[in-house]
1. When you look at D302, is it farther than 30 Å from N214 by Cβ and acidic (D, E), yes or no?
2. If I filter region 221-228 for residues that are in contact (Cβ under 8 Å) with a residue 60 or more places away in the chain and farther than 18 Å from R271 by Cβ, do I get at least one hit?
3. Kindly evaluate L277 against the criterion of being open to solvent by 40 Å² or more (accessible area, probe 1.4 Å) and either touching a residue at least 60 places away in the same chain (Cβ under 8 Å) or of a type in the set (A, V, I, L, M) (or both).
4. I263 versus (1) farther than 23 Å from G219 by Cα; (2) without any contact (Cβ under 8 Å) to a residue 24 or more places away in the chain: which is the lone unmet condition?
5. Scan (1) part of a strand (DSSP E or B); (2) at positive phi for the single condition G169 breaks and write down its number.
6. Which residue out of S293, S303 is modelled with pLDDT of 95 or more, polar (S, T, N, Q) and closer than 25 Å to V223 by Cβ?
7. If you go through region 199-245 one residue at a time, how many are within 29 Å of G14 (Cβ to Cβ), β-branched (V, I, T) and open to solvent by less than 30 Å² (accessible area, probe 1.4 Å)?
8. Which members of region 137-169 meet the condition of being open to solvent by 10 Å² or more (accessible area, probe 1.4 Å), under 19 Å from F94 (Cα atoms), among the aromatic types (F, W, Y) and in contact with a helix residue (DSSP H, G or I) (Cβ under 8 Å, 6 or more places away or on another chain)?
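The values are calculated or read from the model by the stated rules, or taken from the named source; none is laboratory data. Model, not experiment: these values are computed from the prediction. Ideal geometry is used to build each Cβ from the backbone, glycine not excepted, and the neighbour counts take in all protein chains shown. Just so you know, the surface numbers come from the protein's heavy atoms only, side chains and all, with ligands and any DNA or RNA stripped out. Shrake-Rupley method; radii C 1.70, N 1.55, O 1.52, S 1.80 Å.
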Amino acid sequence: MIEFGDFYRAIAKGPLSPWLNTLPSQLTAWQKESLHGKFKMWFNAVDRLPLLKPERLDLLHSVTANTLSPLPKGQREGMENLLRNLMPWRKGPFSLYDIEIETEWRSDWKWDRVLPHISSLAGRTVLDVGCGSGYHMWRMIGAGAHFAVGIDPMQLFLCQFEAVRKLLGGDQRAHLLPLGIEQLPELNAFDTLFSMGVLYHRRSPLDHLLQLKNQLVSGGELVLETIVIEGDSHQVLVPGDRYAQMNNIYFIPSAEALKGWLIKCGFVNVRIADVSLTTTEEQHRTSWMTSESLAEFLDPNDSTKTVEGYPAPRRALLIANKP
């Protein structure tokens, strides 16, 4: 079973220490709950991976780890087979000892859009909500963050994160916890908070924004990235049964409406930093994620629309501060 003792020790003497009043019991309960039917296979794959110390490590421009001399072919192939047991890989890519994990999302492209617009991460304590495999946390560390915490309840993502961590030498600067944002107390302790690709999955988006606000220190920075529609400050799409084949999409505002939501929730210095269409080059099926992806979610006769007839995914990046 994946243990969290290292995380408890890491936060015991800092501003996150009040979290220890609730977190251990939550994670103990999680360990006793019914796990996904494939969890044992996933955990065994992580357990069988070697703990490698990379001689070449790049977290600034990518997530790349390697040795000075190539690993023996048999060892590399064995590692790749174990990593393929953790499919589908959605956020990445990762380059680990000449194993190229081509993920569904080119998360590096999103990071390239985000990084120029945010405050320096140097020395900061960061929270990544809905972090997936943890790709962006490693890029945050590469950009200078002192400590990165990710939360995501998906058990596969936890195993993917722990697999990558082993191949990065057991790096303790980043940690992933199998929790949702609603399970966190009001910590008011993070310097920067990222919520990317989460808001449209929330039944109550304003409650989500308030939950994010309650995790930041005064003056802390929120980095919010989500699907939007075109329109003025009053435009919000509430899809029917599905949007782009997803049945858990609830509210898709315009970027201007979302800016208004943030102001209504008490954020200040709110600005729209970027708006861009999602392309089938950025989100696509690969040999590491073989099920349907964006190309299958769009109208085959009109790529500006989803198969349901809604506007195709357009993503906005907004930056705001807690007073």
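1. It is true that D302 is farther than 30 Å from N214 by Cβ and acidic (D, E).
2. The answer is yes, given that some residue of region 221-228 is in contact (Cβ under 8 Å) with a residue 60 or more places away in the chain and farther than 18 Å from R271 by Cβ.
3. It is true that L277 is open to solvent by 40 Å² or more (accessible area, probe 1.4 Å) and either touching a residue at least 60 places away in the same chain (Cβ under 8 Å) or of a type in the set (A, V, I, L, M) (or both).
4. (1)
5. Of the numbered conditions (1) part of a strand (DSSP E or B); (2) at positive phi, the odd one out for G169 is (1).
6. Checking each option against the conditions leaves just S293.
7. Residues that pass the stated criteria total 1.
8. Result: no residue meets the conditions.
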